[in-house]
1. Of the residues that sit in region 75-93 and are more than 13 Å from residue 21 (Cα to Cα) and either modelled with pLDDT under 95 or not β-branched (Val, Ile, Thr) (or both), which one is surrounded by the most Cβ atoms within 10 Å (Cβ to Cβ)?
2. I'd like the residue in region 1-24 that is within 16 Å of residue 85 (Cα to Cα) and without any contact (Cβ under 8 Å) to a residue 40 or more places away in the chain and, out of all such residues, is nearest to the chain's Cα centre (by Cα).
3. Of the numbered conditions (1) surrounded by fewer than 19 Cβ atoms within 10 Å (Cβ to Cβ); (2) in contact with a helix residue (DSSP H, G or I) (Cβ under 7 Å, 6 or more places away or on another chain), residue 20 satisfies every one except a single condition; which is it?
4. Could you figure out which of (1) in contact (Cβ under 8 Å) with a residue 12 or more places away in the chain; (2) farther than 15 Å from residue 94 by Cα isn't true of residue 48?
Amino acid sequence: MYTITLQDAPADITELARAHAEHLFRRTLERALGGPEQVLAAYKAWTTAEDTAEDEMAPEDVALAKRWIAAAGRARGDAFQAMGETEAWFEVRIER
């Protein structure tokens, strides 16, 4: 399906804290978007939207990309709540 990896995490983060943050990010995304398949669909719509003008996309893809933005923001907030201020970010990779 897909993997979530915490990138640029603070140097002193434990593996347990890293795994917990990745789990929270995934769980929040899946709850907000409706499950793993919907996460993939929204992520793909968002990556397409990054390189495509909005008026060149189907309205449902635009809406899905906007849902990704909102869900990813909420997921970041949930995952980073325990870490405080950080420059870390989550990489989403689609498994082929």
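The values are calculated or read from the model by the stated rules, or taken from the named source; none is laboratory data. Values in this document were obtained by computation on a predicted structure and should not be read as measured data. Here the Cβ is made from the backbone with ideal geometry for all residues, glycine too, and neighbour counts use every protein chain on show.
1. 93
2. Taking region 1-24 and keeping what is within 16 Å of residue 85 (Cα to Cα), we get 6-13, 17-18, 21.
Filter once more, so that each one left must be without any contact (Cβ under 8 Å) to a residue 40 or more places away in the chain: 11-12, 18.
Details: 11: 22, 12: 23, 18: 15 Å.
It comes out as 18.
3. (2)
4. (2)
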